[in-house]
Number of protein chains: 2
Amino acid sequence: MFEKRIKDLRKRLLKEKLDGVLISSVSNISYLSGFSNFSKDEREAYLFIGQDFEYIITDGRYSEAVKKQVTHLTLFERGGEKSTEDLLKKHKKEIKTLGIEEDNLTVSEHKLIKKHFKNLKHFPISRSIKTNDEIEKIERACKLGDEAFKYGLAQIKSGITEKELAFEIENFVKKNGVELSFPTIVAFGANSSVPHHQTGNTVLENNQIVLIDMGVKLDNYCSDMTRTVFFGKPTEKQRHIYETALEAQQKAVEFLEKSMKSGKQVNKFAANAVKASEVDGVARKHIITKGFPSIPHSLGHGIGLEVHESPHLSPKSKDILKEGMVFSIEPGIYLEGFGGVRIEDLFVLENGKLRCLTHSNSSLKIVY
Amino acid sequence: MFEKRIKDLRKRLLKEKLDGVLISSVSNISYLSGFSNFSKDEREAYLFIGQDFEYIITDGRYSEAVKKQVTHLTLFERGGEKSTEDLLKKHKKEIKTLGIEEDNLTVSEHKLIKKHFKNLKHFPISRSIKTNDEIEKIERACKLGDEAFKYGLAQIKSGITEKELAFEIENFVKKNGVELSFPTIVAFGANSSVPHHQTGNTVLENNQIVLIDMGVKLDNYCSDMTRTVFFGKPTEKQRHIYETALEAQQKAVEFLEKSMKSGKQVNKFAANAVKASEVDGVARKHIITKGFPSIPHSLGHGIGLEVHESPHLSPKSKDILKEGMVFSIEPGIYLEGFGGVRIEDLFVLENGKLRCLTHSNSSLKIVY
């Protein structure tokens, strides 16, 4: 699988007339090498690939593990007297144009590389269209996410804090030997009006909203799901908000499937493709029409090795939704001081239809 | 505290003849704003500061929380029709030279900013010298780390897996309502020869090495500690490796304190300061002299809002160790296929002495 990805990369290099590429983003390094243990906090590795060489560059903290796990690439161990620059310089002559990830490489790194290679060209790698193997991994992550959510629901009780509830959910996941894809967000009551609320020590009281946004990472692939439930009977207003958010999601799904079906042609490459911004617009418009404030975030995002990756479903997005893409649809309505509702599911676009990968029931739920 | 930091930043802008600065790194945003909930995975915020303006730029996911928590900065909510670029453009005329974080800003962002500001200048922000308040926070993190390690030690038993042991330790931390500063590393037996081993499903057997590298994050400040213990009686060779690593640490500490005492002058600004590379050299040399391979990583690193920050104690480091700095000293000896030992403690440099902040006993420990 990883060899195939390197082969495809080389084909693209030829096509775009690049003599080599320096990959710096952790997720693309993982995508092409299969090694997923590098931290994003610091630059711990690069891939440096041309037609006749394929290096994975890292230091002594990782070299033993890389040697064992990454047999299709040549390890270059930097550190001590050997720097990344030394290796790049060695290939200076054969590389007229070098691809780089402009969205990831820092200005400092760019300055250093520019010393040796005059022509640098943006080389973005898209992972948005998933293989069956990738979809299956995301599905398994979603399944465990559903189980963890179910477990979490059973822990909801008066007096529990946001942190405690998040802890219970995360524990469930970790007991299965699995990681989280991001720290679980739990928001009670008015806190739910902050879309990315920092889970804190707020204590749950009767008749409050409980918003849970969670994901697990299984075999490096992420799940992501949000549910908003009511601890006690919701007010009419709360019900109205909930139903509107749910309708917005359904309308987005229906619009997308209808557009796929009609073969609405949006670019010359794909007949069965829909503009992501239009899908965003449908859900957004529904919420605004009902008198609520516009969604203060994107309607959705692609997911895979990263929790957030392309395609982006937002008003300004230029992305086109195509077969094989996996993404979230997550409308939200947030009223400052009152509370918020977000409903998020993951979908895969298959045969013109959206297949939902998250299976926790999304109809209005009251927990006692 | 945060107002003071902005004030100091403005003084520096004047001194360096900059009309403004764009801060992009999450840790410096946290350092200057006090808001620490932004993710590092994506660009979720910037600070944009000049003599007459002080913006925190973020989107609707965070704006409500920022409004409440960050009262000393002006919120600019991007999204919808308002982009970061719009705000930058508004200040185009008054800014001749703009500071940027070259080690953090991406090439893409640089291109965009360059369109509006011709003169961009590297503006690194150092957080290496800590205030008493910061040291106290790190100390509290270390204290909880010590307790979690003690708890972890008690869980070591034949048949436990690396993941299970890491889980027990992390659970202990989370039950205290506290986060981890990084995923706990647990390595059994030969796995311990990989300095950053990916904690896995290896089962503990008798007479194996147990390496635990762990840290907690309390009030946004990190701890970091590594201990290597023996499950059953160590062999002579294992003992020898352990004692050598411990000696290397002690020698580094002694050298540093002696150099501080002698007032060895290394630069014109500080009489009581020592080159970080020299301290690294002392420990490294000791290990090599004893016939072991050189440490495949730095001897140590600064710590604070980030697990790894300046100063860096490595052969090529240009950093100078000064009063008020907090950093790790963590020599390691790794023999492929055999196993490894690393001993890591955090120290604060105070009155020419190194005060150790991690208190778990580091003499050779046998666990049954």
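Couple of notes before you dig in:
- Of the helices (runs of 4 or more DSSP H) lying entirely inside region B:1-76, those containing at least 3 residues that are touching a Lys or Arg at 6+ places or on another chain (Cβ under 9 Å) and within 14 Å of chain A (Cβ to nearest Cβ) are B:26-33.
- Test result for B:Val173, surrounded by 21 or more Cβ atoms within 10 Å (Cβ to Cβ), in a helix (DSSP H, G or I) and within 14 Å of chain A (Cβ to nearest Cβ): yes
- The set of residues in region A:176-204 that are closer than 14 Å to B:Phe167 by Cα and facing chain B (nearest Cβ under 8 Å) comprises A:Gly177, A:Glu179.
- Some residue of region A:153-165 being at the interface with chain B (Cβ under 10 Å from one of its Cβ atoms), of a type outside the set (Asp, Glu) and either surrounded by fewer than 21 Cβ atoms within 10 Å (Cβ to Cβ) or touching an Asp or Glu at 6+ places or on another chain (Cβ under 7 Å) (or both): yes
- With respect to (1) under 30 Å from B:Glu102 (Cα atoms); (2) part of a helix (DSSP H, G or I), the lone exception for A:Phe117 is condition (2).
- Residue in region A:6-24 that is surrounded by the fewest Cβ atoms within 10 Å (Cβ to Cβ), counting only those that are among the basic types (Lys, Arg) and in contact (Cβ under 8 Å) with a residue 40 or more places away in the chain: A:Lys17
- Filtered residues of region B:105-122 (kept if within 11 Å of chain A (Cβ to nearest Cβ) and either surrounded by 15 or more Cβ atoms within 10 Å (Cβ to Cβ) or closer than 20 Å to B:Lys90 by Cβ (or both)): B:Leu105, B:Thr106, B:Val107, B:Ser108, B:Glu109, B:His110, B:Lys111, B:Leu112, B:Ile113, B:Lys114, B:Leu120
- Within region B:283-368, strands (runs of 3 or more DSSP E) holding 2 or more residues that are among the small types (Gly, Ala, Ser) and surrounded by 21 or more Cβ atoms within 10 Å (Cβ to Cβ): B:300-302, B:339-342
- Taking the listed residues A:Ala252, A:Ala283, A:Ala273, the one that is among the small types (Gly, Ala, Ser), in the same structural domain as A:Thr358 (by TED's automatic domain parsing), touching a residue at least 60 places away in the same chain (Cβ under 8 Å) and touching a strand residue (DSSP E or B) at 6+ places or on another chain (Cβ under 9 Å) is A:Ala252, with no other qualifying.
- Looking across B:Glu243, B:Glu254, B:Glu247, one residue alone is more than 13 Å from B:Ile343 (Cα to Cα), surrounded by fewer than 22 Cβ atoms within 10 Å (Cβ to Cβ) and at pLDDT 95 or above. It is B:Glu254.
- Of the residues in region B:32-45, not one is buried (at least 16 other Cβ atoms within 10 Å of the Cβ) and more than 19 Å from A:Gln198 (Cα to Cα).
- For region A:205-221, the condition of being surrounded by fewer than 19 Cβ atoms within 10 Å (Cβ to Cβ), closer than 30 Å to A:Glu136 by Cα, away from every other protein chain (no Cβ under 14 Å) and not small (Gly, Ala, Ser) holds for none of the residues.
- Failed condition for A:Lys93, given (1) more than 14 Å from chain B (Cβ to nearest Cβ); (2) touching a residue at least 24 places away in the same chain (Cβ under 8 Å); (3) assigned to a loop (DSSP other than H, G, I, E, B): (2)
- Residues in region B:183-204 that are hydrophobic (A, V, I, L, M, F, W, C) and surrounded by fewer than 24 Cβ atoms within 10 Å (Cβ to Cβ): B:Ile185, B:Ala190, B:Val203, B:Leu204.
The values are calculated or read from the model by the stated rules, or taken from the named source; none is laboratory data. Since the model is a prediction, treat every value here as computed from it, not as a measurement. Using ideal geometry, Cβ is built from the backbone for each residue, glycine included, and neighbour counts are taken over all protein chains shown.
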